[in-house]
(Lines give C-alpha, C1' and ligand atoms only; values in the text may rest on other atoms or scores of the structure.)
Protein backbone atom coordinates (compact mmCIF):
# COMPACT_ATOMS: atom_id res chain seq x y z
CA UNK A 1 0.00 0.00 0.00
CA UNK A 2 1.28 3.44 -0.90
CA UNK A 3 1.36 5.92 1.94
CA UNK A 4 -0.97 8.36 0.26
CA UNK A 5 -3.58 5.63 -0.14
CA UNK A 6 -3.33 5.06 3.62
CA UNK A 7 -3.54 8.81 4.27
CA UNK A 8 -6.72 9.04 2.20
CA UNK A 9 -8.30 6.09 4.03
CA UNK A 10 -7.35 7.61 7.40
CA UNK A 11 -8.63 11.06 6.40
CA UNK A 12 -11.98 9.57 5.45
CA UNK A 13 -12.22 7.87 8.86
CA UNK A 14 -11.60 11.07 10.83
CA UNK A 15 -14.55 13.01 12.24
CA UNK A 16 -14.79 16.83 12.14
CA UNK A 17 -14.58 16.98 15.93
CA UNK A 18 -11.39 14.89 16.10
CA UNK A 19 -8.33 16.99 16.87
CA UNK A 20 -5.65 15.85 14.45
CA UNK A 21 -1.92 16.59 14.63
CA UNK A 22 0.23 15.60 11.66
CA UNK A 23 3.96 15.18 12.15
CA UNK A 24 6.45 17.17 10.12
CA UNK A 25 7.55 16.26 6.63
CA UNK A 26 5.64 14.64 3.80
CA UNK A 27 3.04 13.11 6.11
CA UNK A 28 1.51 16.47 6.99
CA UNK A 29 1.70 17.61 3.37
CA UNK A 30 -0.15 14.49 2.25
CA UNK A 31 -2.66 14.86 5.07
CA UNK A 32 -3.30 18.45 3.99
CA UNK A 33 -3.67 17.36 0.36
CA UNK A 34 -6.17 14.66 1.32
CA UNK A 35 -8.46 17.18 3.01
CA UNK A 36 -7.96 20.25 5.15
CA UNK A 37 -10.06 21.43 8.09
CA UNK A 38 -9.79 23.62 11.20
CA UNK A 39 -9.47 20.48 13.32
CA UNK A 40 -6.10 19.69 11.69
CA UNK A 41 -2.68 20.95 12.67
CA UNK A 42 0.34 20.35 10.48
CA UNK A 43 3.83 20.46 11.90
CA UNK A 44 6.59 21.77 9.68
CA UNK A 45 9.45 21.53 12.13
CA UNK A 46 10.31 20.12 15.56
CA UNK A 47 10.60 16.57 14.30
CA UNK A 48 9.50 13.99 16.84
CA UNK A 49 7.19 16.21 18.83
CA UNK A 50 3.77 15.49 17.28
CA UNK A 51 3.25 12.77 19.90
CA UNK A 52 4.26 15.08 22.74
CA UNK A 53 1.87 17.73 21.50
CA UNK A 54 -0.89 15.16 21.18
CA UNK A 55 -0.26 14.12 24.77
CA UNK A 56 -0.47 17.67 26.11
CA UNK A 57 -3.63 18.33 24.14
CA UNK A 58 -5.25 15.04 25.16
CA UNK A 59 -4.54 15.72 28.84
CA UNK A 60 -5.93 19.22 28.58
CA UNK A 61 -9.04 18.24 26.59
CA UNK A 62 -9.94 14.81 28.00
CA UNK A 63 -13.39 14.82 26.41
CA UNK A 64 -12.02 15.29 22.90
CA UNK A 65 -10.59 12.62 20.65
CA UNK A 66 -6.98 13.47 19.78
CA UNK A 67 -5.37 11.76 16.80
CA UNK A 68 -1.64 11.97 16.09
CA UNK A 69 -0.59 11.02 12.57
CA UNK A 70 3.07 10.16 12.97
CA UNK A 71 5.90 8.58 11.03
CA UNK A 72 8.45 5.94 11.96
CA UNK A 73 11.33 8.44 11.87
CA UNK A 74 9.39 10.77 14.11
CA UNK A 75 8.50 8.05 16.63
CA UNK A 76 12.08 6.82 16.76
CA UNK A 77 13.34 10.35 17.36
CA UNK A 78 11.11 10.84 20.40
CA UNK A 79 10.54 7.29 21.58
CA UNK A 80 10.59 8.36 25.22
CA UNK A 81 7.26 10.05 24.71
CA UNK A 82 5.65 6.64 24.10
CA UNK A 83 6.48 6.01 27.75
CA UNK A 84 5.06 9.40 28.76
CA UNK A 85 1.83 8.68 26.87
CA UNK A 86 1.52 5.22 28.43
CA UNK A 87 2.31 6.46 31.93
CA UNK A 88 -0.29 9.23 31.60
CA UNK A 89 -2.84 6.68 30.30
CA UNK A 90 -4.24 9.30 27.97
CA UNK A 91 -7.50 7.52 27.15
CA UNK A 92 -8.46 9.92 24.38
CA UNK A 93 -5.17 9.70 22.47
CA UNK A 94 -4.92 7.68 19.26
CA UNK A 95 -1.51 7.35 17.70
CA UNK A 96 -1.45 6.35 14.04
CA UNK A 97 2.05 5.65 12.71
CA UNK A 98 2.70 5.54 8.98
CA UNK A 99 5.75 3.33 8.88
CA UNK A 100 7.56 3.18 5.55
CA UNK A 101 10.92 2.24 7.04
CA UNK A 102 12.63 5.31 5.59
CA UNK A 103 13.04 9.03 6.10
CA UNK A 104 10.80 9.82 3.15
CA UNK A 105 11.14 13.59 3.31
CA UNK A 106 14.92 13.63 3.03
CA UNK A 107 15.51 11.07 0.29
CA UNK A 108 14.41 7.67 1.57
CA UNK A 109 17.34 6.93 3.84
CA UNK A 110 16.59 3.86 5.96
CA UNK A 111 15.27 4.15 9.50
CA UNK A 112 15.56 1.22 11.90
CA UNK A 113 11.82 0.54 12.15
CA UNK A 114 12.18 -2.67 10.12
CA UNK A 115 14.26 -4.05 12.99
CA UNK A 116 12.32 -2.46 15.85
CA UNK A 117 8.54 -3.00 15.65
CA UNK A 118 7.24 0.28 17.02
CA UNK A 119 3.78 -1.02 17.92
CA UNK A 120 5.49 -3.58 20.16
CA UNK A 121 7.46 -0.79 21.81
CA UNK A 122 4.22 1.10 22.45
CA UNK A 123 2.60 -2.03 23.85
CA UNK A 124 5.59 -2.74 26.10
CA UNK A 125 5.43 0.85 27.37
CA UNK A 126 1.82 0.33 28.36
CA UNK A 127 -0.43 1.57 25.56
CA UNK A 128 -3.91 0.11 26.05
CA UNK A 129 -3.86 -1.27 22.51
CA UNK A 130 -1.30 -1.56 19.75
CA UNK A 131 -1.63 -3.24 16.40
CA UNK A 132 -0.21 -3.32 12.89
CA UNK A 133 -1.85 -3.43 9.48
CA UNK A 134 -0.33 -3.46 6.02
CA UNK A 135 -3.14 -3.44 3.49
CA UNK A 136 -6.12 -1.17 2.76
CA UNK A 137 -8.91 -3.50 3.81
CA UNK A 138 -7.30 -4.24 7.18
CA UNK A 139 -6.64 -0.52 7.66
CA UNK A 140 -10.31 0.31 7.08
CA UNK A 141 -11.37 -2.39 9.54
CA UNK A 142 -8.89 -1.26 12.16
CA UNK A 143 -10.01 2.37 11.81
CA UNK A 144 -13.66 1.38 12.15
CA UNK A 145 -12.86 0.05 15.62
CA UNK A 146 -9.99 2.30 16.66
CA UNK A 147 -11.95 5.17 18.19
CA UNK A 148 -14.62 2.97 19.83
CA UNK A 149 -12.37 1.87 22.69
CA UNK A 150 -10.26 3.98 25.05
CA UNK A 151 -6.62 4.69 24.30
CA UNK A 152 -3.86 5.26 24.38
CA UNK A 153 -3.80 3.19 21.22
CA UNK A 154 -1.25 2.82 18.47
CA UNK A 155 -2.20 1.73 15.00
CA UNK A 156 0.91 1.15 12.93
CA UNK A 157 0.33 1.17 9.20
CA UNK A 158 3.12 -0.38 7.20
CA UNK A 159 3.37 1.37 3.86
CA UNK A 160 5.75 1.45 0.90
CA UNK A 161 8.40 4.13 0.65
CA UNK A 162 7.57 6.95 -1.74
CA UNK A 163 5.77 10.27 -1.63
CA UNK A 164 2.78 11.57 -3.55
CA UNK A 165 4.23 13.30 -6.61
CA UNK A 166 1.78 16.18 -6.80
CA UNK A 167 1.71 16.75 -3.04
CA UNK A 168 0.90 20.32 -2.04
CA UNK A 169 2.58 22.46 0.56
CA UNK A 170 0.54 23.64 3.51
CA UNK A 171 -0.24 27.17 2.36
CA UNK A 172 -1.46 28.52 5.69
CA UNK A 173 0.93 30.73 7.63
CA UNK A 174 2.10 28.95 10.81
CA UNK A 175 0.63 31.47 13.30
CA UNK A 176 -2.71 31.40 11.45
CA UNK A 177 -2.70 27.61 11.51
CA UNK A 178 -1.97 27.62 15.25
CA UNK A 179 -4.80 30.06 16.00
CA UNK A 180 -7.19 28.10 13.83
CA UNK A 181 -6.37 24.82 15.57
CA UNK A 182 -6.57 26.35 19.03
CA UNK A 183 -10.00 27.65 18.11
CA UNK A 184 -11.13 24.18 17.05
CA UNK A 185 -9.61 22.58 20.16
CA UNK A 186 -11.25 24.99 22.59
CA UNK A 187 -14.61 25.29 20.87
CA UNK A 188 -17.20 23.77 23.20
CA UNK A 189 -19.37 22.92 20.22
CA UNK A 190 -16.90 21.88 17.55
CA UNK A 191 -19.53 20.96 14.99
CA UNK A 192 -21.01 24.46 15.14
CA UNK A 193 -18.03 25.63 13.05
CA UNK B 1 13.46 27.00 50.75
CA UNK B 2 10.03 25.54 50.12
CA UNK B 3 8.27 28.69 51.37
CA UNK B 4 9.53 30.56 48.32
CA UNK B 5 8.84 27.57 46.08
CA UNK B 6 5.28 27.50 47.30
CA UNK B 7 4.90 31.28 46.94
CA UNK B 8 6.28 31.06 43.42
CA UNK B 9 3.78 28.37 42.41
CA UNK B 10 0.97 30.44 43.95
CA UNK B 11 2.07 33.39 41.84
CA UNK B 12 2.04 31.27 38.69
CA UNK B 13 -1.46 30.05 39.49
CA UNK B 14 -2.61 33.57 40.25
CA UNK B 15 -1.41 34.57 36.77
CA UNK B 16 -3.51 31.76 35.30
CA UNK B 17 -0.87 29.11 34.68
CA UNK B 18 -2.58 25.75 34.81
CA UNK B 19 -0.45 23.16 33.01
CA UNK B 20 2.83 22.11 34.56
CA UNK B 21 5.46 19.91 32.99
CA UNK B 22 9.22 19.66 32.87
CA UNK B 23 12.36 17.84 33.84
CA UNK B 24 13.74 18.38 37.36
CA UNK B 25 16.79 20.27 38.54
CA UNK B 26 18.24 20.28 42.05
CA UNK B 27 18.03 24.09 41.93
CA UNK B 28 14.23 23.99 41.99
CA UNK B 29 13.61 20.69 43.72
CA UNK B 30 11.31 22.45 46.17
CA UNK B 31 9.00 23.32 43.30
CA UNK B 32 9.09 19.84 41.79
CA UNK B 33 8.35 18.30 45.20
CA UNK B 34 5.21 20.42 45.45
CA UNK B 35 4.20 19.75 41.83
CA UNK B 36 4.71 16.01 42.28
CA UNK B 37 2.97 15.86 45.63
CA UNK B 38 -0.15 17.84 44.89
CA UNK B 39 -2.57 16.12 42.46
CA UNK B 40 -4.28 19.35 41.45
CA UNK B 41 -1.15 20.40 39.55
CA UNK B 42 -1.38 17.19 37.46
CA UNK B 43 2.35 17.60 36.88
CA UNK B 44 3.55 15.82 33.75
CA UNK B 45 7.04 14.52 34.42
CA UNK B 46 8.47 14.64 30.89
CA UNK B 47 11.18 12.35 29.54
CA UNK B 48 13.11 15.18 27.93
CA UNK B 49 12.94 18.95 27.86
CA UNK B 50 11.89 19.17 24.20
CA UNK B 51 9.11 16.67 24.88
CA UNK B 52 8.02 18.90 27.77
CA UNK B 53 7.95 21.92 25.45
CA UNK B 54 5.92 19.86 22.96
CA UNK B 55 3.43 18.71 25.60
CA UNK B 56 3.10 22.27 26.92
CA UNK B 57 2.45 23.49 23.39
CA UNK B 58 -0.20 20.80 22.85
CA UNK B 59 -1.84 21.83 26.12
CA UNK B 60 -1.82 25.45 24.93
CA UNK B 61 -3.83 24.36 21.89
CA UNK B 62 -6.33 22.93 24.33
CA UNK B 63 -6.68 26.27 26.10
CA UNK B 64 -4.05 25.85 28.81
CA UNK B 65 -1.50 28.36 30.01
CA UNK B 66 1.56 26.13 30.34
CA UNK B 67 4.81 26.26 32.29
CA UNK B 68 7.89 24.18 31.54
CA UNK B 69 10.51 23.68 34.24
CA UNK B 70 14.00 22.67 33.16
CA UNK B 71 17.67 22.84 33.97
CA UNK B 72 19.61 25.02 31.53
CA UNK B 73 21.21 21.89 30.10
CA UNK B 74 17.74 21.23 28.71
CA UNK B 75 17.96 24.35 26.58
CA UNK B 76 20.26 22.38 24.32
CA UNK B 77 17.73 19.59 23.96
CA UNK B 78 14.81 21.94 23.44
CA UNK B 79 16.41 24.39 21.01
CA UNK B 80 14.77 22.89 17.96
CA UNK B 81 11.37 22.76 19.62
CA UNK B 82 11.60 26.44 20.50
CA UNK B 83 12.91 27.67 17.15
CA UNK B 84 10.90 25.44 14.81
CA UNK B 85 7.67 25.15 16.80
CA UNK B 86 6.97 27.87 19.38
CA UNK B 87 8.76 30.75 17.69
CA UNK B 88 7.28 30.13 14.23
CA UNK B 89 3.72 29.17 15.20
CA UNK B 90 3.54 31.74 18.02
CA UNK B 91 2.88 29.28 20.81
CA UNK B 92 3.60 30.97 24.14
CA UNK B 93 4.98 28.90 26.98
CA UNK B 94 6.67 30.07 30.16
CA UNK B 95 10.05 28.45 30.67
CA UNK B 96 11.43 28.36 34.20
CA UNK B 97 15.10 27.55 33.76
CA UNK B 98 17.69 26.92 36.44
CA UNK B 99 21.06 28.62 36.06
CA UNK B 100 23.64 25.92 36.57
CA UNK B 101 27.21 26.99 35.87
CA UNK B 102 26.68 30.56 37.00
CA UNK B 103 29.97 32.51 37.02
CA UNK B 104 31.96 29.36 36.39
CA UNK B 105 31.29 27.86 39.79
CA UNK B 106 29.81 24.45 39.13
CA UNK B 107 30.56 20.99 37.78
CA UNK B 108 32.35 20.99 34.41
CA UNK B 109 29.32 19.88 32.38
CA UNK B 110 27.45 23.06 33.37
CA UNK B 111 30.12 25.65 32.71
CA UNK B 112 29.64 26.36 29.03
CA UNK B 113 25.86 26.59 29.10
CA UNK B 114 26.08 28.57 32.33
CA UNK B 115 28.34 31.03 30.54
CA UNK B 116 26.32 31.45 27.34
CA UNK B 117 22.75 31.05 28.58
CA UNK B 118 21.78 34.71 28.42
CA UNK B 119 23.30 35.08 24.95
CA UNK B 120 21.48 31.92 23.91
CA UNK B 121 18.11 33.42 24.83
CA UNK B 122 19.04 36.70 23.15
CA UNK B 123 20.20 34.90 20.03
CA UNK B 124 16.99 32.95 19.46
CA UNK B 125 14.81 35.86 20.58
CA UNK B 126 13.22 34.58 23.76
CA UNK B 127 12.72 37.40 26.31
CA UNK B 128 13.77 36.53 29.85
CA UNK B 129 14.15 37.88 33.34
CA UNK B 130 16.40 36.71 36.12
CA UNK B 131 14.18 35.78 39.02
CA UNK B 132 14.57 38.08 42.02
CA UNK B 133 12.85 36.82 45.20
CA UNK B 134 11.93 40.41 46.07
CA UNK B 135 10.23 41.08 42.72
CA UNK B 136 8.78 37.69 41.77
CA UNK B 137 5.19 38.82 41.49
CA UNK B 138 6.02 41.73 39.22
CA UNK B 139 8.34 39.59 37.12
CA UNK B 140 5.81 36.82 36.60
CA UNK B 141 3.28 39.44 35.57
CA UNK B 142 5.72 41.13 33.18
CA UNK B 143 6.90 38.02 31.36
CA UNK B 144 3.30 36.82 31.12
CA UNK B 145 2.23 40.11 29.57
CA UNK B 146 5.09 39.82 27.08
CA UNK B 147 4.08 36.26 26.17
CA UNK B 148 0.48 37.30 25.69
CA UNK B 149 1.36 40.36 23.62
CA UNK B 150 3.78 38.54 21.33
CA UNK B 151 2.60 34.93 21.35
CA UNK B 152 6.21 33.91 21.93
CA UNK B 153 7.82 31.85 24.66
CA UNK B 154 9.36 33.70 27.62
CA UNK B 155 11.72 32.60 30.36
CA UNK B 156 12.49 33.13 34.02
CA UNK B 157 16.04 32.21 34.98
CA UNK B 158 16.49 30.84 38.46
CA UNK B 159 19.65 31.13 40.53
CA UNK B 160 20.69 28.58 43.10
CA UNK B 161 19.01 28.97 46.47
CA UNK B 162 15.76 30.65 45.42
CA UNK B 163 13.40 27.75 44.75
CA UNK B 164 15.16 24.93 46.52
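Here are the numbers for this structure:
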{"item": "Hey, residue B:16 more than 13 Å from chain A (Cβ to nearest Cβ), on the phi > 0 side of the Ramachandran plot, at pLDDT 95 or above and in a loop (DSSP other than H, G, I, E, B) or not", "result": "yes"}
{"item": "Residue that is surrounded by the fewest Cβ atoms within 10 Å (Cβ to Cβ), among those in the range B:128-141 that are over 15 Å from the mean Cα position of the chain (by Cα) and without any contact (Cβ under 8 Å) to a residue 60 or more places away in the chain", "result": "B:134"}
{"item": "Any helices (runs of 4 or more DSSP H) falling wholly within the range A:1-92 and containing at least 1 residues that are more than 8 Å from chain B (Cβ to nearest Cβ), in contact with a helix residue (DSSP H, G or I) (Cβ under 8 Å, 6 or more places away or on another chain) and over 30 Å from residue B:76 (Cβ atoms)", "result": "A:3-13, A:26-34"}
{"item": "Residue that is surrounded by the fewest Cβ atoms within 10 Å (Cβ to Cβ) [pool: residues in the range B:25-51 that are assigned to a helix (DSSP H, G or I), within 14 Å of chain A (Cβ to nearest Cβ) and touching a strand residue (DSSP E or B) at 6+ places or on another chain (Cβ under 9 Å)]", "result": "B:36"}
{"item": "Boolean, residue A:165 is out of contact with any strand residue (DSSP E or B) (no Cβ under 6 Å at 6 or more places or on another chain), away from chain B (no Cβ under 14 Å), modelled with pLDDT under 95 and within 26 Å of residue A:2 (Cα to Cα)", "result": "yes"}
{"item": "Where residue A:114 falls short, out of the listed (1) away from chain B (no Cβ under 14 Å); (2) crowded, with 21+ Cβ neighbours inside 10 Å", "result": "(2)"}
{"item": "Pairs with Cβ under 6 Å, 6+ apart, first in the range B:4-17 and closer than 10 Å to residue B:67 by Cβ, second assigned to a helix (DSSP H, G or I)", "result": "B:9/B:34; B:15/B:140; B:15/B:144"}
{"item": "The lone exception for residue B:22 - which of (1) on the phi < 0 side of the Ramachandran plot; (2) within 12 Å of the chain's Cα centre (by Cα); (3) surrounded by 24 or more Cβ atoms within 10 Å (Cβ to Cβ) it fails", "result": "(1)"}
{"item": "Residue check for residue B:75: within 13 Å of the chain's Cα centre (by Cα), more than 11 Å from every other protein chain (Cβ to nearest Cβ) and at negative phi", "result": "yes"}
{"item": "Test result for residue B:84, within 14 Å of chain A (Cβ to nearest Cβ), without any contact (Cβ under 8 Å) to a residue 40 or more places away in the chain and surrounded by 24 or more Cβ atoms within 10 Å (Cβ to Cβ)", "result": "no"}
{"item": "Check on residue B:59, at the interface with chain A (Cβ under 7 Å from one of its Cβ atoms) and over 17 Å from residue B:97 (Cα atoms)", "result": "yes"}
{"item": "Some residue of the range B:117-127 being within 22 Å of residue A:54 (Cα to Cα), surrounded by fewer than 17 Cβ atoms within 10 Å (Cβ to Cβ) and touching a helix residue (DSSP H, G or I) at 6+ places or on another chain (Cβ under 7 Å)", "result": "no"}
{"item": "Hits in the range A:97-120 (condition: touching a helix residue (DSSP H, G or I) at 6+ places or on another chain (Cβ under 6 Å) and under 25 Å from residue A:58 (Cβ atoms))", "result": "A:97, A:98, A:99, A:113, A:118"}
{"item": "Residue check for residue B:144: under 16 Å from the mean Cα position of the chain (by Cα), within 23 Å of residue A:181 (Cα to Cα) and touching a residue at least 60 places away in the same chain (Cβ under 8 Å)", "result": "yes"}
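The values are calculated or read from the model by the stated rules, or taken from the named source; none is laboratory data. In this text, all values refer to a predicted model and were calculated from it rather than measured experimentally. With ideal geometry, Cβ positions are generated from the backbone for all residues, glycine too; neighbour counts draw on all protein chains shown.
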